[in-house]
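Visitor: Below are the C-alpha cells for one structure; questions will follow.
The values are calculated or read from the model by the stated rules, or taken from the named source; none is laboratory data. Keep in mind the model is a prediction, meaning the values are calculated, not measured. Here the Cβ is made from the backbone with ideal geometry for all residues, glycine too, and neighbour counts use every protein chain on show.
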Amino acid sequence: MQKVLPWTADAIGVILAVKVTPRASRTEVTGIRRQADGRLVLAIRVASPPVDGAANEVLIGWLAKRLGIARGAIGLKSGATGRLKIMRIEGDGAALSEQLASFL
C-alpha cells in the first residue's frame, strides 16, 4: 500500500502542498495535516511575518537550503497571499520526494 503524501513526484520535480504558519520562533516542519476538504499539506512554521511576501521568501529559502537546490528551482504556483501554497520544485522527482519524506 502506497503512503499518501502532500506532494506528488514526476519526471521534472515535485508539486508540494504547504500550509504556512507565520511569525514562529523558528522555521520548521511540524508534520502533515489534513485540510477540511481532505487534502493533505506539509505544515511548516515560518520565522517571518506575512508582510510583503517575506514569509514566502523565507519558506523558499529554507526549502532550497534543506533540499540542497537553488532557490530558482522552487516556484510558487498558487497561494502567494494565503497560508495554503502549492509549490513546484524542479529536479529529480524521486530524490526530492525522498528528501521531503526525511523532513518528517
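Visitor: Going by the structure shown, is residue 95 of a type in the set (A, V, I, L, M, F, W, C), more than 13 Å from the chain's Cα centre (by Cα), surrounded by 12 or more Cβ atoms within 10 Å (Cβ to Cβ) and closer than 20 Å to residue 32 by Cα? Spell out how you get there, then give the answer.
Guide: On the way: of a type in the set (A, V, I, L, M, F, W, C): yes; more than 13 Å from the chain's Cα centre (by Cα): yes; surrounded by 12 or more Cβ atoms within 10 Å (Cβ to Cβ): yes; closer than 20 Å to residue 32 by Cα: yes.
Answer is yes for this residue.
Visitor: Further question on the same structure: Hey, among 73, 36, 64, which residue is small (Gly, Ala, Ser), on the phi < 0 side of the Ramachandran plot, surrounded by 15 or more Cβ atoms within 10 Å (Cβ to Cβ) and over 11 Å from the mean Cα position of the chain (by Cα)? So that I can check it myself, show each step before the final result.
Guide: On the way: 36 fails: surrounded by 15 or more Cβ atoms within 10 Å (Cβ to Cβ); 64 fails: over 11 Å from the mean Cα position of the chain (by Cα).
Of 73, 36, 64, the one residue that is small (Gly, Ala, Ser), on the phi < 0 side of the Ramachandran plot, surrounded by 15 or more Cβ atoms within 10 Å (Cβ to Cβ) and over 11 Å from the mean Cα position of the chain (by Cα) is 73.
Visitor: Residues of segment 53-68 being among the charged types (D, E, K, R) and in contact with a Ser or Thr (Cβ under 8 Å, 6 or more places away or on another chain), which ones?
Guide: Step one: list which residues in segment 53-68 are among the charged types (D, E, K, R), which gives 57, 65-66.
Matches in segment 53-68: 57 only.
Visitor: Is it true that residue 39 is modelled with pLDDT under 95, among the basic types (Lys, Arg) and farther than 21 Å from residue 99 by Cβ? Give the steps one after another, and end with the answer.
Guide: Numbers: modelled with pLDDT under 95: yes; among the basic types (Lys, Arg): yes; farther than 21 Å from residue 99 by Cβ: yes.
Yes.
Visitor: As an exercise: evaluate residue 76 against (1) in a helix (DSSP H, G or I); (2) over 14 Å from residue 29 (Cβ atoms); (3) touching a Lys or Arg at 6+ places or on another chain (Cβ under 9 Å) and give the number of the one condition it does not meet.
Guide: Going through (1) in a helix (DSSP H, G or I); (2) over 14 Å from residue 29 (Cβ atoms); (3) touching a Lys or Arg at 6+ places or on another chain (Cβ under 9 Å) one by one, residue 76 breaks only (1).
Visitor: Of the residues 98, 90, which single one is touching a residue at least 24 places away in the same chain (Cβ under 8 Å) and among the acidic types (Asp, Glu)?
Guide: Result of the check over 98, 90: 90.
Visitor: Out of segment 1-46, which residues are touching a residue at least 24 places away in the same chain (Cβ under 8 Å), of a type in the set (Gly, Ala, Ser) and not in a strand (DSSP E or B)? Walk me through it before giving the result.
Guide: Quick first cut of segment 1-46, residues touching a residue at least 24 places away in the same chain (Cβ under 8 Å) only: 4-7, 9-23, 27, 29, 31-32, 35, 39-46.
Filter once more, so that each one left must be of a type in the set (Gly, Ala, Ser): 9, 11, 13, 17, 31, 43.
Of everything in segment 1-46, just one residue is touching a residue at least 24 places away in the same chain (Cβ under 8 Å), of a type in the set (Gly, Ala, Ser) and not in a strand (DSSP E or B), namely 11.
Visitor: Would you confirm, using the coordinates I've provided, whether residue 20 is touching a Leu at 6+ places or on another chain (Cβ under 8 Å) and farther than 22 Å from residue 91 by Cα?
Guide: Answer is yes for this residue.
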